[in-house]
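I have placed the structure first, in the form of structure tokens, so that the comments after it can refer back to it.
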Amino acid sequence: MKILVLSPYTTGQKYKPDNFLRGEDCDSPKHLGRRIKELCGYNAEGWYHESTDYSAPAGEMFTGPLNTQLRAGLKQIREHAQYGETTLDLYFPWYFCRVDGKDDPVSENDIIVPFDTAPLHDLEVLEFSKSGVPKRTVDLIERYDLVFSLLRQDDILSLQRVFEVERATTLIFLLAKSHKHVVNEDLPNLHVVETGSALQKSLRTTNWALKGVVLRRLCEAACRDGFHLFEQVKQHPQRLLEIAHGQ
């Protein structure tokens, strides 16, 4: 089974330079290229200085509690003897911070530079005709058997064209009850597993880490009890909460 995890960008980042990438830097491709080069350690004359190189793989860049918990789970599962036939990949949907300039969703191994995440909170609904983001995200999703979305409601609303169509891939959204309206649960193979304060308290974690904790516990349980748990969750998504509670 091929499993995809879609994770949001967070303000907790490995590097926090004064000149991190901002929304206005994306208005001009040429200017964006200069700013990314600068954040990769190159000055105006083209000389490289390691002390001003703030680039890093996306999986290492985000140091907030959600990604810390998630990567702890992924590390365990990938080091397990059963890992191979079942694989888990981590991706982030927004690509403007990529060092290589590609207009593709960002894998955990893709190099990015630190940036201000605030502009992502105000993204408009992205149409297929206006942006390559929805099409490329659809193409990514359809390569997998099971997709877990840890995205924020703002991310989902902006990418709603991606999630409003029927597809064979099973999508499981981890969302608070108050955010469930951002997806159409009537679509086949689209499911919501409710998170929120009650789950947060029962798992004794924080709201910021909660979704990462749920997937970390799934990975721990799969390492302990067998990778068949992923198929169980695919067939019965609410089983994820039982596993998170150790049942």
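The values are calculated or read from the model by the stated rules, or taken from the named source; none is laboratory data. As the structure is a computational prediction, the values presented were derived from the model and not from experiment. For neighbour counting, all protein chains shown are included, and Cβ atoms are generated from backbone atoms with ideal geometry for every residue, glycine included. These area figures cover heavy atoms from the full protein model, side chains too; ligands, DNA and RNA do not enter into them. Shrake-Rupley method; radii C 1.70, N 1.55, O 1.52, S 1.80 Å.
Just check the stretch 118-168 against the gyration tensor rule for me: Cα atoms, a ≥ b ≥ c as the square roots of the eigenvalues, rounded for a/c under 1.5, and otherwise prolate or oblate depending on whether a/b exceeds b/c.
Here the stretch 118-168 falls in the oblate category.
Could you sort 82-89, 67-74, 94-101 so that the peptide with the highest average Cβ count within 10 Å comes first and the rest follow in order?
67-74, 94-101, 82-89
Calculate, for residue 1 and residue 165, the FRET efficiency according to 1/(1 + (r/R0)^6) with r their C-beta to C-beta distance and R0 22 Å; round to the nearest 0.05.
Once rounded, the FRET efficiency stands at 0.50.
Would you please give the residues with an amide H less than 5 Å from that of residue 108, counting only those at least 5 places away or on a separate chain, with H modeled from the backbone geometry?
Here 90 satisfy the definition.
Percent of Cα-Cα pairs per 5 Å bin, from 0 to the last occupied bin, for the stretch 44-128, please list those.
3, 11, 18, 21, 17, 15, 8, 6, 2, 0, 0
Counting DSSP beta bridges with both partners in the stretch 1-108, what percentage is antiparallel, nearest 5?
Taking every DSSP beta bridge within the stretch 1-108, about 45 percent pair in antiparallel fashion.
Once you order the gyration tensor axes a ≥ b ≥ c over the Cα atoms, which shape class does the chain get: rounded for a/c under 1.5, otherwise prolate or oblate by comparing a/b with b/c?
prolate
Count charges around residue 90 for me, please; just the other residues with Cβ under 9 Å from its Cβ, Lys/Arg as +1, Asp/Glu as -1.
-1
With springs only between Cα atoms under 10 Å apart, run a GNM on the chain and tell me which of 158, 149, 51 wobbles the most.
51
Of the listed peptides 29-39, 4-14, what is their order by residue-averaged count of other C-beta atoms within 10 Å, with the highest listed first?
Top of the packing list down: 4-14, 29-39.
I need the calculated FRET efficiency for the pair residue 47 and residue 103, taking r as the beta carbon distance and R₀ as 22 Å, to the nearest 0.05.
E(calc), rounded to 0.05, equals 0.15.
Can you give me the Cα centroid spacing of the stretch 159-180 and the stretch 132-157 in angstrom?
About 8 Å separates the Cα centre of the stretch 159-180 from the one of the stretch 132-157.
With the Cα gyration tensor of the stretch 1-82 giving a ≥ b ≥ c as the square roots of its eigenvalues, does the rule (a/c under 1.5 for rounded; else a/b larger than b/c for prolate; else oblate) give rounded, prolate or oblate?
Prolate is the answer for the stretch 1-82, as a/c is 1.5 or above and a/b outweighs b/c.
Run the accessible area of the chain with a 1.4 Å probe and give the carbon-and-sulfur part as a rounded percent.
The computed percentage sits at 48.
In the chain, what percentage of the DSSP-assigned beta bridges are antiparallel, given to the nearest 5?
Beta bridges within the chain, antiparallel portion: roughly 30 percent.
Of 168, 44, 118, which has the largest mean-square fluctuation in a 10 Å C-alpha GNM of the chain?
44
Of the DSSP beta bridges with both residues in the stretch 139-247, give the percent that are antiparallel, rounding to the nearest 5.
0 percent
Here is the link list: 37/211; 14/37; 135/180; 14/234; 75/211; 16/37. Which ones come out longer than 28 Å on Cα distance?
37/211; 14/234
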